[in-house]
Structure formats: structure tokens, C-alpha cells
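The values are calculated or read from the model by the stated rules, or taken from the named source; none is laboratory data. Just so we're clear, the structure is a prediction, and the values are computed from it rather than from any experiment. Cβ placement follows ideal geometry from the backbone for every residue including glycine, while neighbour counts extend to all protein chains displayed. The protein model used for the area step is the full one, side chains on, heavy atoms only, and it has no ligands, DNA or RNA in it. Shrake-Rupley method; radii C 1.70, N 1.55, O 1.52, S 1.80 Å.
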Amino acid sequence: MPGSNCLPLAGPEAKFLRRAAFLKHNLWVTSYKHDEMYPGGEFPNQNPRINEGLATWVRKNRSLEETDIVLWYVFGVTHIPRLEDWPVMPVEHIGFMLMPHGFFNCSPAVDVPPSPNEADKECGAPKLMHNGLVAKL
């Protein structure tokens, strides 16, 4: 789940986007290659080099099936200064959360076998519900 995020406030032909083309999108997925470690290429502060960086790797259109993948999540802040920010800017929180969605059919904690202790036996036999889960009423 993305947190607060933004794309750069620059035109599509901005010079810094030639070196940092990865800033054009917040989410990228590539197949894993051991030499593709830096989203801006190995030397992002130098002039753009051919075949370096996320945008170039994605243009190769390599298959993502039956291979290890890398998810690149790019996040940033565009700070609009306020009077209250001087002389010290307050904290700006940014980030993301990894939350499974559709990974399990149901919560794995629900599929726990019934307890064999004596207290449960006194309450009566467990009742089987329509979805196969055990319930004690």
C-alpha cells in the first residue's frame, strides 16, 4: 500500500530526468539481474549512459514469468516551504506497507485444530459450520 507520494514537479523533458528516468513512475517491476542494482544506473551523477537504469531495463521487455523479480518502489516528497518551516523543517513521514491481498483463501489463524483439553469437552461437542470451520457455542 503506497503512502503519501508524488512524482517530480518537472516537465517530461527536464534534463535531470535523462539521468533519473526512474522518477517518472512510482512502481517498476523487472526480472532479477545481478548487475542491475541501482535504478539510475551505476553512476547517476554522470552524463546518461546507454543501457543503464530502470527505464532502459524495462524497455527490454524481458519476461517476468518463471523467474525471480525485483519490485522497485520509488517514493519522494515535493516540499512546499511554509513560514513554520524556518529555521528547522518539521518531520515529513513517507513510506509504504506490504500487505497481502488474496494471498490466502482465509486467515491462516482461523484454521487451527480444536483444543483437546478437558474444559472443552465439558462444553459439548464442537459444531461444524457451513465453511468447514469448527465453532463452539
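Numerical summary
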read-out	value
Which numbered condition Tyr32 fails, given (1) in contact (Cβ under 8 Å) with a residue 24 or more places away in the chain; (2) of a type in the set (Ser, Thr, Tyr); (3) under 18 Å from Phe75 (Cα atoms)	(3)
Any chance Leu9 is open to solvent by 100 Å² or more (accessible area, probe 1.4 Å), of a type outside the set (S, T, N, Q) and under 22 Å from His93 (Cβ atoms)	yes
Among residues of the stretch 47-78, those that are touching an Asp or Glu at 6+ places or on another chain (Cβ under 7 Å) and exposed (fewer than 10 other Cβ atoms within 10 Å of the Cβ), counted	0
Condition met for Phe75 (touching a strand residue (DSSP E or B) at 6+ places or on another chain (Cβ under 8 Å), not in a loop (DSSP other than H, G, I, E, B) and not aliphatic (A, V, I, L, M))	no
In the stretch 27-46, the residues that are open to solvent by 50 Å² or more (accessible area, probe 1.4 Å) and among the polar types (S, T, N, Q)	Asn45, Gln46
Counted residues, the stretch 12-25 - those being open to solvent by less than 50 Å² (accessible area, probe 1.4 Å), assigned to a loop (DSSP other than H, G, I, E, B) and touching a residue at least 24 places away in the same chain (Cβ under 8 Å)	1
Filter pass, Thr67 being hydroxyl-bearing (Ser, Thr, Tyr), part of a loop (DSSP other than H, G, I, E, B) and touching a strand residue (DSSP E or B) at 6+ places or on another chain (Cβ under 9 Å)	yes
Selection within the stretch 94-111 - at pLDDT below 80 and either within 30 Å of Gly3 (Cβ to Cβ) or loosely packed, with under 10 Cβ neighbours inside 10 Å (or both)	Pro100, His101, Gly102, Phe103, Phe104, Asn105, Cys106, Ser107, Pro108, Ala109, Val110
Checklist (1) more than 19 Å from Leu7 (Cβ to Cβ); (2) out of contact with any Phe, Trp or Tyr (no Cβ under 6 Å at 6 or more places or on another chain) applied to Thr30, failing item	(2)
